[in-house]
Each structure stands twice: as structure tokens, then as C-alpha cells.
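Colleague: Pasting a structure here, questions to come.
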Amino acid sequence: MPVVTLNTGRSFDADPNVSILDAARNAGVTLEYSCRTGRCGICKAPAIGDTTILRPEAESLSPEEVAQGLILTCCRAAAGTVALDVEPLDRLAGIEIKTIPARIVSIDRLAPEIVKVVLKNPPTSPMRFLPGQYVDVIADGVRRSYSLANAPRADNLLDLIIKRYPGGHLSDFWFERAKVNDLLRIEGPFGTFFLREDGPANIVFLATGTGIAPVKALLEELATDPTRAARHRLSVFWGNRERENFCWDPGRSWARRRLPSPAIGP
């Protein structure tokens, strides 16, 4: 069985038929990732050793990066002993990826083409997640990914901020067919976009459209911990094509807690 070793010295067995990313997860080790399909490049890592290509990497790796020994861990499998110059994300330890039912609690129009959907999981099977992560929604015969727009809270509700896209199957579902109390399934949580305990003091968030959702969740997390929030200087730059799509005010939740508001640049 091939073995992968990280720069911390931690190692794990890697099935040669699955990606290094999935092999790590199967061993209880979480590496940096986002899309899991080779498009985003988030799981890029320097590697030494024998690997095999499971899916194309060219979309996210330049020829120069390939020459330097970088790989995408979601696209490569270990074929022998492999050394990866990356660290495990231990804050994700114990966060289980699972598929669970969810009920629609509310659908509220925030702007002409944007809705906020609130979902509730069964009390016996709440979803544990970190602010910034996303879930796959399985409904109306399709699967789509949505960032969670809130930090974990006692009522276990999950907020999604969804924009209508012309011709989008699940987009049409949310705006035309979905009803309160409808049941669907969600899988997750996924993603490694979350605040690191040893992160920088100055943090700049960049978002466009409904991409503000995970930033909103991260700011909510910080707003509940004034001591931690005080260690950071935050700036949020949020862009939209239409002014009406600025459907959330990042400063309000901070003002209620008497915290310095993040600098906001729409």
C-alpha cells in the first residue's frame, strides 16, 4: 500500500485507486481543498514521489508549476511513497461529512433575484460544520453546492443565500417550486475556507454576489468572540452588478455587540 507523508511527519496509507485527497480523508486527515474536481487549484501541493493522474490538472496547474513538482491532490493518486509539503487542517478533525434530510423552514426574498432559504435538520442528526464551509443540496433531481451563510447556532438552522440564474434547474426550483415544509437532502460539510487559529491579524475578504455567504458566516463567528475578534483588523470588499443586491449589512451584527465594525467597501 502506498504511503503519503506530510511535512509535519504524519503519514497515512493511500489506496492507489483513489485521490490523495480522499485517501487522506479516509485516514482521518483533512488537507486543503474546495471543488474536489481539479478546477479551483486550492488543493495544490508540492509533492515528491510516484503519483498517477486520475483526472486532468491542466486547468489549474501551469507547465511551470508541474515542472516544480506541484500536483492537485484531488486529481492524483499515490503510486508509491509520496512526500507532500502541506500541513493537515486539524480544526476539521471530528467534522463528519454525511448526507441528512433537511426541511425548508422559510424562503424570504432579499432582492428581486436573491432569496434566503433556511433549512432545519432533524434534532437527532444536526450537521456540525465550521463557518465558511459549504454543503451540496440534493433536490428536484439535481445536486448543487451552496455556502452556508451562518455560523453554527443552538437551533441548528442553516442559512443559504441563493441567486436566480436564467435556465438554472435548481435556481428555478428555489424561486418557483420550493415551498415551506418541503423535504430535501443535504450532504456535507465540505471545504477548507475557515478561520485558522494562527491566522494573520489583518484579514481582507473579497466577494461578489452571493459569494458573500461564507464571509457572512465567518464574521458571525468572530462577532460571538470579542476577544478573538479584537486580534484582527478586518476589511470586506463586496461587489455586485446591481445596488439592490447588497442585501446584507455586515456592520449591523457587529454594532449590536459593540465591536469595531469591519471596513466595508461595496
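Colleague: So, of the residues in segment 153-177 that are within 26 Å of ARG36 (Cβ to Cβ) and assigned to a loop (DSSP other than H, G, I, E, B), which turns out to be least open to solvent (accessible area, probe 1.4 Å)?
Modeller: Among them, the one singled out is GLY168.
Colleague: Can you run down the residue pairs with Cβ atoms below 6 Å, 6 or more apart or on separate chains, where the first is in segment 111-134 and polar (S, T, N, Q) and the partner is open to solvent by 40 Å² or more (accessible area, probe 1.4 Å)?
Modeller: ASN121/ASN156
Colleague: Quickly run through segment 45-64 and pick out the residues that are crowded, with 19+ Cβ neighbours inside 10 Å and closer than 17 Å to ASN7 by Cα.
Modeller: ALA45, ALA47
Colleague: Now for a separate question. Testing ASN150 on (1) under 25 Å from THR224 (Cα atoms); (2) within 13 Å of the chain's Cα centre (by Cα); (3) in a strand (DSSP E or B), one condition comes back false. Which one is that?
Modeller: (3)
Colleague: Being charged (D, E, K, R), part of a loop (DSSP other than H, G, I, E, B) and open to solvent by 70 Å² or more (accessible area, probe 1.4 Å) is the filter here, so list the residues in segment 1-31 that pass it.
Modeller: The one that is charged (D, E, K, R), part of a loop (DSSP other than H, G, I, E, B) and open to solvent by 70 Å² or more (accessible area, probe 1.4 Å): ARG10.
Colleague: Restricted to segment 208-223, and to residues that are open to solvent by 10 Å² or more (accessible area, probe 1.4 Å) and not acidic (Asp, Glu), which residue is nearest to TYR134 (Cα to Cα)?
Modeller: PRO214
Colleague: Which one is farthest from PRO88 (Cα to Cα), of the residues in segment 38-54 that are in contact (Cβ under 8 Å) with a residue 24 or more places away in the chain and in a loop (DSSP other than H, G, I, E, B)?
Modeller: LEU54
Colleague: Restricting to segment 120-137, and then to whatever is among the hydrophobic types (A, V, I, L, M, F, W, C) and assigned to a loop (DSSP other than H, G, I, E, B), can you tell me which residue is nearest to LEU157 (Cα to Cα)?
Modeller: MET127
The values are calculated or read from the model by the stated rules, or taken from the named source; none is laboratory data. Quick caveat, the model's predicted, so the values are computed rather than measured. Here the Cβ is made from the backbone with ideal geometry for all residues, glycine too, and neighbour counts use every protein chain on show. Ligands, DNA and RNA are excluded from the accessible area calculation, which covers all protein heavy atoms including side chains. Shrake-Rupley method; radii C 1.70, N 1.55, O 1.52, S 1.80 Å.
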